[in-house]
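Every read-out reported here was derived from the displayed coordinates using simple, explicitly stated rules and does not represent laboratory data. Everything quoted here is computed from the prediction, not taken from an experiment. Backbone-built Cβ (ideal geometry, glycine too); neighbour counts: all protein chains shown.
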Amino acid sequence: NDHVRLQFQLTLYGNGEHLMLVRDVTRVYQLEQMRKDFVANVSHELRTPLTVITGYLETLLDNVETVNPRWRRPLQQMQQQGSRMQNLLNDLLLLARLEAAPYPADSRPVAVDLLLLSIRTDAQALSADRHRISLEADPTVKLKGSESELRSAFSNLVFNAVKYSPEGGEIRIRWWADESGGHLAVQDSGIGIEAKHIPRLTERFYRVDASRSINTGGTGLGLAIVKHVLIHHSGRLKIDSTVGKGSTFTCHFPLAQVVRS
Ligand code: ADP
């Protein structure tokens with residue numbers, strides 16, 4: 001952190017002249033670092049008091065017959081909002097941890113097929129069986145990296161497919177490898193995304209339709225988490241979408257990350 005950070009920009013002109021610009025970005029970098037530390041610290045400090053509040057609410061609701069009927073509904077709402085805030089803090093802390101580390105927490109071959117099987121079970125519960133979720137995953141292809149980070153990324157993609165698809169929607173999850181690397185595709189038949197939004201989707205808190213997203217219970221950080229997990233695993237995210245037809249989110253990983261058995 002005590003290092004001086006310089007940014008170089010070299011421009012070559014047709015006539016053989018060239019121009020080199022050197023910028024001192026130390027201060028910019030330090031401020032960015034302070035912002036990240038601040039968010040991580042605040043999230044951490046808010047977690048304990050929130051756990052106490054939601055804990056008491058839960059106890060009250062567990063003994064709902066002792067509660068004045070007029071207070072039942074407000075208490076339920078307080079609990080729901082408390083749990084939304086907990087999800088938000090957890091996502092903020094996860095994002096801060098991902099940003100702070102240049103590499104994944106682990107580098108072991110992960111059985112992506114089993115990981116996806118368990119994510120599908122969770123997604124089925126989220127969907128309350130209102131969507132058909134299919135899974136085709138090659139069990140002989142593993143991915144080097146951190147299982148917990150990959151779980152966060154892949155489950156965000158699969159849960160989004162559920163959240164942004166109407167009842168009866170079809171969701172297809174595929175994992176395979178070829179000569180260009182490993183690929184994970186999550187395809188939905190949901191609401192789709194207009195092309196102009198796609199480049200900004202992985203920004204924190206960027207939402208196409210804020211009111212709709214609030215109803216789906218998202219934190220607005222899901223795709224930012226996906227982006228950072230992919231950076232750790234040398235992966236790229238590709239988003240294809242047609243409004244009213246559906247979207248496909250594909251993660252591409254280089255061959256160096258793939259282990260075949
Ligand atoms: P959120 O918690 O709001 O879902 P995300 O970062 O996961 O946050 O996604 C950002 C935004 O991208 C969402 O608010 C939604 O507008 C859009 N989005 C993400 N996945 C899909 C999808 N499968 N279909 C349509 N829109 C999507």
Item to complete: Would you calculate, for the chain, the mean residue ellipticity at 222 nm contributed by helices, counting each DSSP H stretch of 4 or more residues as -39,500 (n - 2.57) and dividing by all residues, to the nearest 500?
Response: -16000 deg cm²/dmol
Response to the item:
The farthest towards the positive end of the charge dipole of segment 1-127, of the residues 87, 67, 56, given +1 on Cβ of Lys and Arg and -1 on Cβ of Asp and Glu, is 67
Worksheet item: What is the dipole size for segment 14-60, taken about its Cα centre, with +1 at each Lys and Arg Cβ and -1 at each Asp and Glu Cβ, in debye to the nearest 20?
Response: 40
Fill in: Axial C-alpha extent at least 18 Å, average Kyte-Doolittle at least -0.5 - helices from the chain (DSSP)
26-62, 112-127, 147-163
Worksheet item: Where a ≥ b ≥ c are the square roots of the eigenvalues of the C-alpha gyration tensor, would you call the chain rounded, which needs a/c under 1.5, or, failing that, prolate if a/b is larger than b/c, or oblate?
Response: oblate
Worksheet entry | Theoretical gain in end-to-end length, residue 67 to residue 26 [0.36 nm per residue, Cα-Cα removed] | 9.0 nm
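With +1 on each Lys and Arg Cβ and -1 on each Asp and Glu Cβ, and nothing else charged, work out how big the dipole of segment 107-154 is about its Cα centre, in Debye to the nearest 20.
Approximately 60 debye in magnitude.
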Item to complete: Just report the Cα centroid separation between segment 116-166 and segment 1-46, whole Å.
Response: 36
Discussion item. Can you classify segment 165-213 as rounded, prolate or oblate using the Cα gyration tensor, where a ≥ b ≥ c are the square roots of its eigenvalues, rounded means a/c under 1.5, and otherwise it's prolate if a/b beats b/c and oblate if not?
Written reply: oblate
Discussion item. Let me spell out the model: positive unit charges on the Cβ of Lys and Arg, negative unit charges on the Cβ of Asp and Glu, origin at the Cα centre of the chain. What dipole size does that give, in debye rounded to 20?
Written reply: 380
Worksheet entry | Cβ-based charge dipole, the chain, positive-most Cα from 237, 77, 4 | 77
Worksheet item: Rounded, prolate or oblate: which fits segment 69-142 when a ≥ b ≥ c are the square roots of the eigenvalues of the alpha-carbon gyration tensor, with rounded for a/c under 1.5 and prolate only if a/b beats b/c?
Response: oblate
Worksheet item: Once amide H atoms are placed 1.01 Å from N in the peptide plane, what residues at a sequence separation of 5 or more from residue 145, or on another chain, have their amide H within under 5 Å of its amide H?
Response: 108, 110
